[in-house]
Structures are given as structure tokens and as C-alpha cells.
Amino acid sequence: MTTINALAAISVAYVLLLFAVAFFAERAAQRGNAGILRAPIIYTLSLSIYCTAWTFYGAVGSAARNGLEYMTIYLGPSLVLIGWWWGLRKLVRIGRSQRITSIADLISSRYGKSNLLGVGVTLLAVVGTTPYIALQLQSVTLSVEVFAQADAVNLHNKQFTAFWVAVGLSAFTVIFGTRNLDTNERHHGVVMAIALEAIVKLAALLAVGTFVVWGMSGGISGTLERIDQSSLGLWEVQGGRWVGLMMLSSAAFLCLPRMFQVLVVENDNDPQLRMAAWAFPLYLMLMSLFIVPIAVVGLDVLPAGSNPDLFVLTVPLSQGQNGLAVLSFLGGFSSATSMVIVAAIALSTMVSNHIVMPIWLRFSATTASVSGDVRQVVLLSRRLSIAGVLLLGYLYYAMSGGGEALATIGLVSFTGVAQVLPALLGGIFWRGATRTGALAGLTAGFGIWLYTLYLPSFGPGVVLPESFFVDGPLGVSWLHPHALFGIEGLDPLLHAVLWSLSLNTVAFFAASLMSFPSPLERLQGAQFVNVQQAPGSARGWSQGAAQAEDLMVMSQRILGATEAQALFQRAAQDQGLAGYLPEPTPAFLQVLERELSGSVGAATAHAMLGQIVGGMAVSVEDLMAVADETAQMMEYSARLEEQSAELSRTAAQLRAANDKLTRLSVQKDAFLSQISHELRTPMTSIRAFSEILRDTDGLTGEERNKYSSIIHDEAIRLTRLLDDLLDLSVLENGQVSLNIVQGTLREVLDRAQAAASANENGPALDIQRDLTRESVVLFTDTERLSQVFINLISNAGKYCDAAQPRLEIRVQKTDKDLLVDFIDNGSGVAPDAQDVIFEKFSRVSDQKAGGAGLGLAICRQITARLGGEISYLPGQGGAAFRVQLPLSMTRAA
Amino acid sequence: MSGQVLLIEDEPNIIEAIKFILSREGWHVHTHSNGVDAADVVRSRAPDVLILDVMLPGRSGYDILRELRDDPATAALPVLMLTARGQSKDREMAERAGASRFMTKPFSNAEVLDAVRALTSVA
């Protein structure tokens, strides 16, 4: 009883440690010091999720049954990393440059952003991975059972353990796998945690191995003697099966959804891969070092009939080494959990991007870009998918009864996901590969795999009738699931691998050659195949009728307001424009699509952008660019394009500067006229009425009162105008002295709101505020700041033309700034007026609204003096102004 | 002295002042404060003298005046233009548009009376 309780306590403590590691890694990433998180060693260790519980426990079992065959599973990935690292580098670069989120996304994106292919690969991945997850749950349950037996405790309900392990893993994955919708789908917390698990499982296996060799067999020579004497017999290497298994494990290393996730999606730079190319084979070698000794000693020491899959646990337990057994348990536990977590993240991304989002988009097509936060939908669908994937794994475990030998289920899964390989390799190396080819290959391979391996794996008579395995379906012998086309005598696994992959490849090539790629497929093909020569030189969009503002509205819903605004501002700056709205050039659309696809997948991003840009997206020039096949042409045109881009950027800057100068000069000219007008009008009334008072006899007392108060009011109007002018001139010349005091943002806004509503006339403005977010302490000139706020609030009161005018004041913090947004529900400011409203005397409308048109000019000067900025924020529905203050002036209250 | 004066101006206080000054001397003063339909109002009122401000909501005084001069019915109507933007080019623009007289704000009350008298005696 004590051991099992201790085991439970240690497992819980271990899980808490993982939580802590993941939590601190996420925090570090958020603060921007991701140095250690991006270290090549972390990347290398994260690849270790290749070694699941299947390899941790099952390799020893496999060695006990089939001798050295287990080595093939380690050799495949090592060969890929060492011998094919240039191919991997290409794959990883494509993944980075195209913002690929999963293997389904890669295939879909390469073949013309086809969602059908995305759905196909997703289904294949889910079907292929479910048994694998079940396998992990089974291994954890089995290992707990071992301890229970040692303690003579009867676990009444094995499924109970598996169920709670599944629940715990879903929780962990949901918390760290879907914390936020990263533009590039990187999960620093999870990667850090699995790197730690990688160390734990290696340490556990090495510790058990060391104990077996030096503690039980008297050193290396003793161990070798023992191996020689053992019955562990089948030393002869079966060439065919070895080659088949090695190919299979190489393919799986690339195509398993979880491997693709850590290898490609989580990859940050080339050096990570360079280190993994030698360090990961080393890791695998260390993992396999003690497999044979443990198997031999296990067969020797333990009673006949013991499950060799559990030798890693039972050998130390039989020697009374409980501590070592617990370490070994943690190793197996780590192997199982890290696999399940990453697999669930990878699958949930695919399910959400390729199945849930397209459906959601179809049913809410009209409202998608106007209402609702797409991010919330994506996050929710991912969370539900994670729970769904783990539930499937648990159900498979509960229904299959968990009887099979571990290795068999693993190989079934491997063969299933390996069906993606022809489409994957063809896609990145052969421009002739088409969507039809990929579909044909996948369908053929998937079908044969189902028929010859997956369905038979449940056992004869469960899914396929027993008669199939006697003399083929309906007596047709050449359709026998283990002897297709009359080829008999092969090992069933090898038979399935051979037929599924070869027919898959043949179908892929044949259908590709016979079909004609669409323009978009050609473009994508060129980008994928030529990723090293000319990254991103071909374009996916021609100049469409897109409105930058519509694009911004949509992007905010997907990327979130802050990220979208930063992206648009950067793009506008690159084009030499001020503000937030870049020209919707093809180049910009492509960048935007790539950013969006990091969140919702290539096919969905393309569809959403297509809704706004309208029409299909490839122009004749783009196709010509693709047709120029030689590398020289590519290079030459890339250089030309660079120059012409530079030129047009300069031209755009000059044009914008010139436009602005012209407008400014007209305004400067108008300035004197304006000032004259604004001063002379009140003076006219003053002079006329004072002459009337002086020259007219017999005025009544009432008349006198009235006329002198007109004089008084007009004098005040003059004073206010002069004050504003002086204020502005002082601010512009920088002679202003700030009175820095401490106050909260809420106080400043309260004061501004009170002052603005005091001189309000017309319909009352409904002001909406979020008081909790306003409790920020400021060290600034609160008088001046409140002057800015008063201006913005009373402008909303004057210009907001909604029937029920409303002003929302939003407060948010970014990493450097405090942002205070004033957003009303009126018709907003026309795009061509947006960058002149901050100039002097620029009243937007003709109608008089009382002021002299100096308010926003003063606001701009004040915010600049306070170290911040005020800008117009397009795409918010009504007029929207953003006051941006440096965070160094604030502190959370 | 009596006659019809039409005043087109948008500042309420200036309207009140001019109305006071002219009414005391026996003029009937009608006012209108919007540029958009000002020309129609002029045609329907058919005043003896028109006092026209330059900066009006909706349409500029120059524009209104050009329309009136193109219309034979009002081509010879005496017009006194008022402006608050006392630059020389404003005077030129007023003359080109066809103003009979031009006055920069602020003006003295006597100036306004003199101008209106002079315009009606010519007519």
C-alpha cells in the first residue's frame, strides 16, 4: 500500500513540476527573453517525443521477442537527420516562411490551399493517432498495475486510472497548448516541459541499465557472457523486414503529426536543426544502449511468462530496488505524457483549422467579418478538439481492452501516417505534383492501409469477417487482406507497407502527370520547391478591389486588435505612408494572408481574404513569373523587383510628402485668413454695439443690458481664442514647463468627463468606461492630459452624428505603452481627412461646431510633450482616437 | 428715407447690430442666415439693397453674387459685401464677383449707413 501511495504522490509532484516549468517558460516568452527557450538543445530534446512509452517499455519487449529488430525504429530517424538534413532544412524553412501550422496545413497549402486535402490528412492523422494515444494510456495503466501487484493491492478498475490520466493530460494541454493564439503557433511552455521529460526518461533508462549491468551482471564482460548464453535468439537479421521497418520509421519521423509539430512548427531557426542533426541520433543511441542487457536479464531473472514489455519496471522491483523502479516509472510516464500532449496540440490545430473553422465560416459567412471575435471561436474549437482527441484515445483503449503487444499498435499507426509521405516529398521537390495527384495517392494508400492493416489489427471477425482471412472476401483469393494480388508469404506488416506505399506513390505520380494544376497550385508549388533560391518571390494576389479598412476590421477579429494594428502600421511605414492603412498591394495581401494562416490555417485564411478582395487572386504577370523557370531568371527578376520595389517605395514617399506639403501650404495660406476671420467676427459685434450704446439716445434699460452682455460674451470669445493660439504657439516652440504630479488615470478621466459635459449642448453623450482598467497610477502633467481628454470627449459630443451618441473609452496596456482609445458610434472621419485633422484650423465639416479648429492640434502638441502620441484609429466603426502614453510614466494601482 | 434691405449673414450678434442701425433710420430689414438658398430668397424679396457676408454656411458669398449677376433680374442690384478676412485679394475677389461696395469687419455703424444710402441714391 505504501508504494502505491508514494507513487501517486510522486506522480502528482512531478506533474506540478512540469506545470511550473511550462508556466515559467511561458512567462519568460511573454516578457520577450526567449533566448534559452530558443536554444538548439531545447529543440533537440523536444524531438525526443519520438520516444514514447512504446519505445521506453516496448523496445525491451521487442528485443526479448525479436532480437535486435527494435534498432530499426531508432535507425530510421537517425538516418533522416544525418543523411537527409538538407531535405529537412528545406522542409523546416518552408514551414517557417509559409507559417505552416500542421502537416495537414502544409499539404493543403502546397496543393492550392485545398481544404479537401486538409480534411483528408486531418482524418488520416486522427485515425492513425488515436490507437497511439490509447497505447500511452495503456502503458501508464499497466505500469501502475505493476506497482499495485507488488503491493498486493487489487486495482478494481484499470480504466479508472486511464480515465484520470486522460483528463489530467487534457487539462495540461488546454492550459499550455491553447493559452493564446500565437501568430506562429509556438508553444514555449509545452516545449520546455517536454525537454525536461526528455531528460527524465533518458536518465531513468540509463539508471536501470547501469543497475542491470553493474549491479546484477558484474560489469560489461559479465553482461556480454550473459547475452551469449541467453536464448534471446533470433539474431539473424531479416533483411527485407529491416529495410521495411527502417523506411517506415524514417517516414513516420517526418509525417507523424506530433513530430511535424516539434520538428517544423516549433522550429525557430536553422542552428536548432544543425544541432539536432547530430545530437538527436546521439540521444537515440543512448536510449538504445541498455535495451538488450535489460531484456536478457529480465528473461533470466523473472518467471517465464512475465510480460517483457514491463521489464524496465519489473526487473528493479524484483531486486527490491523500489526507488529505481519509481524513477523508471517516471521515465515511462514522461514518455507517455509528452507524446499525448504534443499529439493533442497537433491534432487539435488540424481539426480546428481544417474542419471546424471552414464549417463555422460557411455558416456565418455574412457575419464573420462584422461581428464576433474569431479568436474566441478558434480557441474554443481547439480546446474542444483536444478534449475530443483524448476522449477518442480513451474510448479506443477502453474498447480494445488493452491486450495487444505494444509494438504492434505503434507500427500500425506508423504505416498510416506514412501515407502522407509521397504527397509531402513530391510537394517540396517536384513542381509537377498536383492536387489531384495528392488526392489520388492519399486515397489509394489510406484505403489499402485500412484494409490490410488497420481493420485486421482488431483481429479476425471483429470488423472484417473471418472468412476474409481464410480465402479472401467472397472467395476471391487475390483480395485476401494479407496477400493482395496473390503475393503470399510476406509478413502482414511488410505486406501492408509495401502495397500501400507503392500504390500510393504510383497513384500520386500518375494522377499528377495526367492532371493540370490550377494557377494557385502552380504558384504555391513554385514557392515550396524554390524556397531556398527566392523566398517568397512569387505572388498570390493581384491588385484587387480590397479596401484597407475592411481588411483591418477582419484582421483585428483574427489576430487581435494590438497585433493587427502593429502589422498594418508596419506595412504602411514600409510603403512610406503614415497611419494605419497601407495600400492593399499584392505584396501586402500576401504578407497578411501568411499572418492570418498562422492562426487559422492556409486554406481558411485564403478563403477569408478572398471574401474581401473578391475574385480569384492570380494575375497574368504572376503566372509569367512562375513560367520563368531557370534560376538565373529567378535571381535576375528578384533583383529587378527589389530595385523597382525600392523605387516605388521612394516614389510613394515623395508623393505622400508632396501631397502633404501642398495641403500644408494651402492651409498655411488659409491660416492668416482664418485667424483674421476668427478675430474680426467677435470684434465686429463689440464695435457695433459699443457705438450703439455710445451714440443712441433713449435706449431702454433692458436694451442696454442686452447689448452690454453681448459685448461681454464676445470679449470672452476673443480671449478664449487668443488663449488657444498662445497655448499652441508655446507648445509648438517647446517653451512649456510640465507640472508632473501623481494621479490615477481614472481621476484624470473623471475630471475631463465632468468638464466636457459642463459645456455640452445638444443630445447627451452616453460615455462608457471600464473603471477597473483605469486604475493606473500616472506620473505626468495631469492638467495637460485632462485638457486632451476634455477635447476628445467634447469633440465626440459635437461631431458624433448617431441618433443616440455613445462614446466608449477603452484602456489597455501593451509592453511599452498605455493606450487610451476614444471610440464613438458616429460616422467617423473620411479617410482622406484622417491625416489633416490634427492640423490647425482644420475643421472636418463645414458646419460650425463652435471651436476655431485648434483643439486637436493642441492635443497633438500636448501628447508629444508628455512623451506620447495621439492618432486616428481607422476601422473602428465611428470616429476613434488613440492616446498613447509611455508606460514608464505609469504604475499599476 | 425708406426702402427694403436684405441682410444675408450668419453671426446672430452682427445681424442684430446691423438691423438696429438701419431700422432706426427707417429701413425695412429682412434677414437670412444660410448660403444654400440665399439666391432664391434675394429673387423673391427683390430688395433695394443687398448686404452679403462672404463666409456663409453652405455656400460662399462670392458664389451667390456671381449667380445673381448672371441673372438679368438681379444683375443691377446694389450689393454691399462684408468680409472678416481683410486681405487685398479678398477685395479683388469681391470686385470680380460683382460687388457694388466692399467693407471689412469690424466697421463703424456710420460707414454702414453711408454705404447703404450711397447705394440707393445711385440706383
Considering segment A:700-710 alone, what residues qualify as being facing chain B (nearest Cβ under 9 Å) and over 12 Å from B:E16 (Cβ atoms)? none
Using the structure shown, decide if A:M634 is at pLDDT below 80 and either outside any helix (DSSP H, G or I) or in contact with an Asp or Glu (Cβ under 7 Å, 6 or more places away or on another chain) (or both). yes
Output the number of residues of segment B:36-63 satisfying the condition of being farther than 19 Å from A:T681 by Cβ and of a type in the set (A, V, I, L, M). 7
If the Cβ limit is 7 Å and pairs must be 6+ apart or interchain, which residue in segment A:803-819 that is in contact (Cβ under 8 Å) with a residue 12 or more places away in the chain and open to solvent by 30 Å² or more (accessible area, probe 1.4 Å) pairs with which residue that is in a strand (DSSP E or B) and β-branched (V, I, T)? A:E808/A:I823; A:R810/A:I823
Mind checking which residues of segment A:273-282 are open to solvent by less than 20 Å² (accessible area, probe 1.4 Å) and closer than 22 Å to A:S335 by Cβ? A:A276, A:A279, A:F280, A:P281
Just the residues that are at pLDDT below 80, over 21 Å from the mean Cα position of the chain (by Cα), more than 19 Å from A:G120 (Cα to Cα) and part of a helix (DSSP H, G or I), please, taken from segment A:345-396. A:F363
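Rundown of residues vs (1) in contact (Cβ under 8 Å) with a residue 40 or more places away in the chain; (2) away from chain A (no Cβ under 14 Å), yes/no style:
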| site | (1), (2) |
| --- | --- |
| B:W27 | yes, yes |
| B:G35 | no, no |
| B:A38 | no, yes |
| B:L56 | yes, no |
For segment B:1-11, which positions are more than 7 Å from chain A (Cβ to nearest Cβ) and either at pLDDT 90 or above or under 20 Å from A:R687 (Cβ atoms) (or both)? B:Q4, B:V5, B:L6, B:L7, B:I8, B:E9, B:D10
Find the residue count for segment B:12-25, including only residues that are within 8 Å of chain A (Cβ to nearest Cβ), more than 14 Å from B:L113 (Cα to Cα) and open to solvent by 20 Å² or more (accessible area, probe 1.4 Å). 2
Return a yes/no flag: does segment A:716-734 have any residue that is surrounded by fewer than 15 Cβ atoms within 10 Å (Cβ to Cβ) and within 14 Å of another protein chain (Cβ to nearest Cβ). yes
With away from chain A (no Cβ under 14 Å), over 14 Å from B:E9 (Cα atoms) and in contact with a Leu (Cβ under 7 Å, 6 or more places away or on another chain) as the only criterion, which of B:V79, B:V116 stands out? B:V116
Among the residues that make up segment A:38-55, is at least one of them over 30 Å from A:G426 (Cα atoms) and either outside the structural domain of A:P281 (by TED's automatic domain parsing) or not in a helix (DSSP H, G or I) (or both)? yes
Mind listing just one residue for me: the one in segment A:657-690 that is surrounded by 15 or more Cβ atoms within 10 Å (Cβ to Cβ) and free of Cβ contacts under 8 Å to residues at least 12 places away in the same chain and, of those, nearest to A:D835 (Cα to Cα)? A:S673
Just one of (1) within 7 Å of chain B (Cβ to nearest Cβ); (2) modelled with pLDDT under 85 trips up A:F671, so point out which. (1)
When you go through A:F329, A:F311 one by one, which is the residue that is closer than 22 Å to A:A9 by Cβ and among the aromatic types (F, W, Y)? A:F329
Going by the structure shown, is A:H677 at pLDDT below 90 and within 13 Å of chain B (Cβ to nearest Cβ)? yes
So which residues in segment A:640-652 are of a type outside the set (D, E) and open to solvent by less than 90 Å² (accessible area, probe 1.4 Å), if there are any at all? A:L640, A:S644, A:A645, A:S648, A:R649, A:T650, A:A651, A:A652
I need the full set of residues from segment A:827-873 which are at pLDDT 85 or above and either touching a Phe, Trp or Tyr at 6+ places or on another chain (Cβ under 8 Å) or within 14 Å of chain B (Cβ to nearest Cβ) (or both), in order please. A:L856, A:A857, A:C859, A:R860, A:I870, A:S871, A:Y872, A:L873
Among the residues of segment B:87-103, is any modelled with pLDDT under 90, in contact with a strand residue (DSSP E or B) (Cβ under 8 Å, 6 or more places away or on another chain), within 14 Å of another protein chain (Cβ to nearest Cβ) and part of a loop (DSSP other than H, G, I, E, B)? no
Tell me, please, whether a residue that is out of contact with any Gly (no Cβ under 8 Å at 6 or more places or on another chain) and either under 23 Å from B:L22 (Cα atoms) or open to solvent by 70 Å² or more (accessible area, probe 1.4 Å) (or both) can be found in segment B:48-65. yes
Residue match in segment B:104-113 (condition: more than 13 Å from every other protein chain (Cβ to nearest Cβ) and surrounded by fewer than 19 Cβ atoms within 10 Å (Cβ to Cβ)): no
Residue selected from segment A:108-129 under the condition buried (at least 24 other Cβ atoms within 10 Å of the Cβ) and among the β-branched types (V, I, T), by the criterion nearest to A:P77 (Cα to Cα): A:T129
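Can you confirm whether segment A:775-796 contains a residue that is farther than 21 Å from A:T863 by Cα and not basic (K, R)? First the steps, then the outcome.
Taking segment A:775-796 as the starting set, the residues that turn out to be farther than 21 Å from A:T863 by Cα are none.
No, segment A:775-796 contains no residue that is farther than 21 Å from A:T863 by Cα and not basic (K, R).
The values are calculated or read from the model by the stated rules, or taken from the named source; none is laboratory data. Model, not experiment: these values are computed from the prediction. Every residue, glycine among them, receives a Cβ derived from its backbone with ideal geometry; neighbour counts consider all protein chains shown. Ligands, DNA and RNA are stripped out before the accessible areas are found, and what is left, the full protein with its side chains, is counted by its heavy atoms. Shrake-Rupley method; radii C 1.70, N 1.55, O 1.52, S 1.80 Å.
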